[in-house]
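Participant: Mind having a look at this structure? Questions to follow.
Computed from the coordinates by the stated procedures, all read-outs in this text should not be read as laboratory data. Here the structure is a predicted model, which is why all the values come from computation and not from measurement. Every residue, glycine as well, gets a Cβ built from its backbone with ideal geometry; the counts of neighbours run over all protein chains shown.
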Amino acid sequence: MHGSLKRRVISEHRPLSVYGLIGTVGAGLALTIGVWLLFAFGNRWTSYSSPTPPPPIRTPGSPSDQIIAVVNGEPIMEPEWARTLSIYQTLSRLAGKAEPDPEEVLQQLIDQRLVLQGVKFMEPSVDQEAAARRLRSLLATWKASEQQLDEALRSAGLSREDVLREIQRLMLIEQALPKLEPSPEEWLAQQRARSRISVYRPIQPPSSQPGQGARENVSSPSLSLSPTPPSTGPYPGQQAPDFSLVDLNGKPIRLSDLRGRPVILHFWATWCPICRQETPALEAVNQRYRSHGVVLMGINLRERPENVQEFARSSRLTFPILIDSDGSVAGRYQVTGIPTTLVIDSSGVVRFRHVGPIREEQWEEYLTQVLSGSGKQSSAEEKLAPDFALPRESGEIVRLSDYRGRSKVVLVFYRSPT
């Protein structure tokens, strides 16, 4: 079990996060890598026709505009997300790993919530000394000193206590992994299908993160080492995965049949408060841009068609709404929380991915660029970098092509002074 999970983690197409860093210490937390990396981007969704309604949203003494997401009625607050993002990015740099982006970190927090909500723990917490020992083991694995850690944390506006609390939380989740039956993969897939996960704010780097420059918004177009045609996937620069779904009138619609026209895919549900609030803005976008050839399609997640039909009728929606009854298309597009929106250009390539609500000026920016062609990468940017293979210090052979479609790659050429 441990070995198969570890092999699958290595083959993932997204950069390893701090879970991956912790997982290098022992087999136990290698499974924690699996809980997030295997399932946050997994394609296995289980069908449940009627999810259990969540309890009312609890806002623990913080203003509601600080809620960034809600998982089964339990909020994830922006300060928690921003702090976790800063911790993971700081530790990733210290370990020489690719930094997780804002959407990845939110997905991790959502998965943590699902585990903590769904598992009864024998121990309510993890001793801080145990977390400190794990941190020392990590530093030894990374060949980093205590001084380097403190300097990295200080430059990011973090304390060692912040990191220890996060490691305590991850170790608590580690304890839960053996309880996820029949397997961690199936358990989390079932929880995702049962759960109601809403994203209340756009997912972008917090402007208040100290010691860091601006990072790329997940909804921005990204440069890629992908050849032409690009690899298939749900992220900017990739070919949008094809699918066929039935609309509310029973008419099948296939994405590839719309090639030649820009397409907006909007994943939503009627139980999502932010989705309902965005409905008038979506209809306005449809009215404004359909004359330009833009096709807006709402993809409803796992709701009864008659309920969706009633909502569409009362909201006077004129764009097609497709029913993703088993969540398979959402899984293919790696949708964690809703609303999630993708803007696809006329050649079928994803140009923008946006998690959370979209402001009017953002809609205009995305669609203006896609319609003008400026959202596309230039021919120079799309040129494939020459492949090569070189050994690591350990002797393992690394090829540049192994990273194609996974993340941005920076090559630094230097000469040793000796």
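Participant: Going by average Cβ density within 10 Å per residue, which order do the peptides 105-115, 183-193 take, highest to lowest? Working shown, then result.
Facilitator: Numbers: 105-115: 23.1, 183-193: 19.3.
Peptide ranking by packing, descending: 105-115, 183-193.
Participant: Please arrange 120, 179 by counting, for each residue, the other beta carbons lying within 10 Å of its beta carbon, fewest first.
Facilitator: Numbers: 120 6, 179 14.
If I rank by nearby Cβ atoms, fewest first, I get 120, 179.
Participant: With each pseudo-label sitting 7 Å past Cα toward Cβ, what's the residue 281-residue 397 distance in nm, one decimal?
Facilitator: That separation, rounded to one decimal, is 5.1 nm.
Participant: Residue by residue through segment 186-199, what is 3J(HN,Hα) from phi via Karplus (6.51 cos²θ - 1.76 cosθ + 1.60, θ = phi - 60°)? Round to whole Hz and write x for glycine and proline.
Facilitator: Here the 3J(HN,Hα) series is 5, 4, 6, 4, 5, 5, 5, 5, 7, 8, 10, 10, 10, 9 Hz.
Participant: Can I ask one more? From the phi angles alone, apply the Karplus equation (6.51, -1.76, 1.60; θ = phi - 60°) to segment 289-302 and give each ³J(HN,Hα) in whole Hz, x where the residue is Gly or Pro.
Facilitator: Computed from phi, the couplings for segment 289-302 are 10, 5, 5, 8, x, 6, 10, 9, 10, x, 10, 7, 9, 6 Hz.
Participant: Oh, and also: Can you tell me which of 311-324, 328-341, 91-104 comes out highest on packing, and rank the rest after it, using the mean Cβ neighbours within 10 Å?
Facilitator: 328-341, 91-104, 311-324
Participant: Go through 238-247, 165-174 and give me the packing order, highest mean Cβ count within 10 Å leading. Could the numbers behind the result be given before it?
Facilitator: Working: 238-247: 17.4, 165-174: 20.2.
Highest mean packing first, the order is 165-174, 238-247.
Participant: Note the per residue figure in Å³ for the convex hull of the C-alpha positions in segment 244-380. Can you show the working numbers first?
Facilitator: Values: hull volume 15.0 nm³, N = 137.
Spelled out: Cα convex hull of segment 244-380, divided by residues, is 109 Å³.
Participant: Starting from the Cα of residue 251, draw a straight line to each of the aspartates and glutamates and keep only those under 19 Å, dropping any in the same chain fewer than 8 residues away.
Facilitator: 242, 303, 306, 310, 324, 326
Participant: Any idea what the relative contact order of segment 64-147 is, in percent, if you count C-alpha pairs under 8 Å spaced at least 6 apart?
Facilitator: 22
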